[in-house]
1. Give me a comma-separated list of calculated 3J(HN,Hα) values for segment 7-18, in order, Karplus coefficients 6.51, -1.76, 1.60 applied at θ = phi - 60°, integers in Hz, x for any Gly or Pro.
2. Tell me, what HN-Hα J-couplings in whole Hz come from the Karplus equation 6.51 cos²θ - 1.76 cosθ + 1.60 at θ = phi - 60° for each residue of segment 59-70, using x for Gly and Pro?
3. Find which of Gln42, Asn73, Thr7 sits farthest along the positive direction of the dipole of the chain, computed with +1 on the beta-carbon of Lys and Arg, -1 on that of Asp and Glu, about the Cα centre.
4. Roughly how many debye, to the nearest 20, is the charge dipole of the chain about its Cα centre, given +1 on each Lys and Arg Cβ, -1 on each Asp and Glu Cβ, and no other charges?
5. Once the cut-off is 17 Å, how many percent of the Cα-Cα pairs in the chain end up in the long-distance tail?
6. Which ³J(HN,Hα) values, rounded to whole Hz and listed in residue order, are derived for segment 71-76 from phi using the Karplus coefficients 6.51, -1.76 and 1.60 in 6.51 cos²θ - 1.76 cosθ + 1.60 with θ = phi - 60°, glycine and proline given as x?
7. Note down the net charge around Val49, summing +1 for each Lys or Arg and -1 for each Asp or Glu among other residues with Cβ under 11 Å from its Cβ.
8. Which trypsin sites (Lys or Arg not before Pro) in segment 1-65 sit in a loop by DSSP (not H, G, I, E or B) and have at most 16 other Cβ atoms within 10 Å of their own Cβ?
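Read the figures in this text as sums done on the coordinates, not as results from a lab. What you see is a predicted model, and the numbers here were worked out from it, not measured in a lab. Positions of Cβ are generated from backbone atoms using ideal geometry, with glycine treated the same way; all protein chains shown enter the neighbour counts.
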Amino acid sequence: MQNDRETALSRLKEDLDKAKNLRYRAEARLEQLEQQRADLLQEIRSLGVEPENLEQEIEKLNKEIDRLLAEANELIPHDLLK
C-alpha cells in the first residue's frame, strides 16, 4: 500500500515536471512568434503599407501584374513568330 502511494506520487511528480517543461517550451515559442510578428509588421510598414491595408495592397499589385503582362503580350510580334 505504501509502495503504491510512492509510485503514484512519483508518477505525479514526473507528470508535473513534464507539464512544466511543456509550459516553458510553449511560452518560449509564443515569445518567438510574437517577435516574428513584430518583425513582419515592421517590415510591412517599411515597405510603405499599413498592415490593415495589406489585402488591398496585394489586390492592387495583382492588378498591376495582370496589366503589365497584358501589355507585354501585346508588344510581342506574334504574327512574326508563326
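1. For segment 7-18, the Karplus curve yields 5, 5, 5, 5, 5, 4, 5, 4, 5, 5, 4, 5 Hz.
2. Whole-Hz 3J(HN,Hα) from phi for segment 59-70: 4, 4, 5, 5, 5, 5, 4, 4, 5, 5, 5, 5.
3. Of the candidates, Thr7 comes out farthest on the positive side.
4. On the way: 14 positive and 20 negative charges, 125 e Å.
So the magnitude is around 600 debye.
5. Result: 73 percent of Cα pairs exceed 17 Å.
6. 5, 5, 5, 5, 7, 6
7. So the environment of Val49 carries a net charge of -3.
8. Sites meeting the loop and neighbour criteria: none at all.
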